[in-house]
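Structure, as structure tokens:
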Amino acid sequence: MLTAVLLSGGLDSAVLVAEEAVRDDVYPIYVSVGLAWEQAEIAMVEQLLRAPVFAGRVDPLARVAFTMRDVYPPTHWAIRGEPPAYDTPDEDVYLTGRNLVLLTKAGVVAARHGAHRIALGPLAGNPFPDARPEFFASMSNSLSLGLAHAIEVATPFLEWEKEDVIKRGVELDVPLALTLSCMNPAPGPTHCGLCSKCRERRDAFAATGVSDPSTYANVSPR
């Protein structure tokens, strides 16, 4: 079996690759859509996939593009690389159509490589319309019909909190220091420490009692 996994280099998708590799061969896919932080993510992914935990059952990274720069205006915060404030709610960082775009391109790639399963890592409490079970079921059906190739869209972490992901990552020996959860990373790449993704990451490590191996360019504004 071959499972395609949407890999961004963040905590959730990195642990998802290791989780899927326990059972199947994994074909990791990075879909670039033109957001400001993507080069930092790719640099981290390249380091991450060299880790021993991924040896043997994880294929080389497939990098594809599906631009949203002709949809999002140049003033959009994700194009400028200026995310909302540290304590902003999830709704303030919503990227319209993100999972729709990622799954559309990944579905074509998966079909061409003979994968019948695409896994991605949304967590419990995700408020966005393209992170609902009925959306993923509909995408499974649409991709299968449109590509004449059966595809299951799987979301194994949909009932997990980020703390659960961290604990599972520790169990699987995922090098969590080589993951990036940041919307305005500094060179290195290094977490900015000031965006809501950095807040979520810090809070999750604190809640689990696992030492946070991340490097932050700035101290918490709290």
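The values are calculated or read from the model by the stated rules, or taken from the named source; none is laboratory data. The shown structure was predicted, so the numbers you read here are calculated from the model rather than taken from an experiment. All Cβ positions, glycine included, derive from the backbone under ideal geometry; neighbour counts span all protein chains shown. In case anyone asks, the SASA skips ligands and DNA or RNA and just uses the protein heavy atoms, side chains included. Shrake-Rupley method; radii C 1.70, N 1.55, O 1.52, S 1.80 Å.
Please give every one of the aspartates and glutamates within straight-line cross-link reach of Lys167, meaning a C-alpha to C-alpha distance under 14 Å, and leave out same-chain neighbours fewer than 8 residues apart. Partners within reach: Asp12, Glu19, Asp203, Asp212.
In the chain, helices alone account for a calculated mean residue ellipticity at 222 nm of -11000 deg cm²/dmol, with every DSSP H run of four or more residues adding -39,500 (n - 2.57).
Neighbours of Thr3, meaning other residues whose beta-carbon lies under 14 angstrom from its beta-carbon, give a summed charge of -3 when Lys and Arg score +1 and Asp and Glu score -1.
Just checking the listed ones, Arg168, Arg50, Arg199: in the Gaussian network model of the chain with Cα springs under 10 Å, the one fluctuating most is Arg50.
Summary value for segment 1-68: 40 percent relative contact order, contacts being C-alpha pairs under 8 angstrom separated by 6+ residues. Using θ = phi - 60° in the Karplus curve 6.51 cos²θ - 1.76 cosθ + 1.60, the 3J(HN,Hα) couplings for segment 87-96 round to 9, 5, x, 4, 4, 6, 10, 5, 10, 3 Hz; x is entered for Gly and Pro. Could you tell me how far the Cα centroid of segment 186-215 sits from the Cα centroid of segment 169-185, in Å? Result: 9 Å between the Cα centres. Using equal-weight Cα scatterers in the Debye expression, the normalised intensity of segment 1-56 in log10 at q = 0.19 Å⁻¹ is -0.63.
Two decimals, Cα atoms only, Kirkwood Rh: what is Rg/Rh over segment 132-222? Using Cα coordinates only, the ratio equals 1.11.
Please report, to one decimal in angstroms, the Kirkwood hydrodynamic radius of segment 63-191 built from all distinct Cα-Cα pairs.
By the Kirkwood definition, the hydrodynamic radius is 16.8 Å.
Carbon and sulfur: what percent of the chain's accessible surface (1.4 Å probe)? Percent of accessible area from carbon and sulfur atoms in the chain: 53. Between Ala85 and Ala124, the distance separating the two model label sites (each 7 Å from Cα on the Cα→Cβ line) works out to 2.9 nm. Fully extending the segment from Ala137 to Val109, taken as 0.36 nm per residue of separation minus the present Cα-Cα distance, adds 8.2 nm. In the full protein context, segment 75-167 carries 48 Å² of accessible surface per residue, based on a 1.4 Å probe and ignoring ligands, DNA and RNA.
Over every Cα atom in the chain, the radius of gyration and the widest Cα-Cα span, Dmax, amount to 16.6, 51 Å.
Legend: residues Phe54, Phe135, Phe66, sorted from most to least accessible area (1.4 Å probe; ligands, DNA and RNA excluded), read Phe66, Phe135, Phe54.
For the chain, a Gaussian network of Cα nodes joined below 10 Å ranks Asp203, Asp70, Asp173 by mean-square fluctuation, and the top entry is Asp70.
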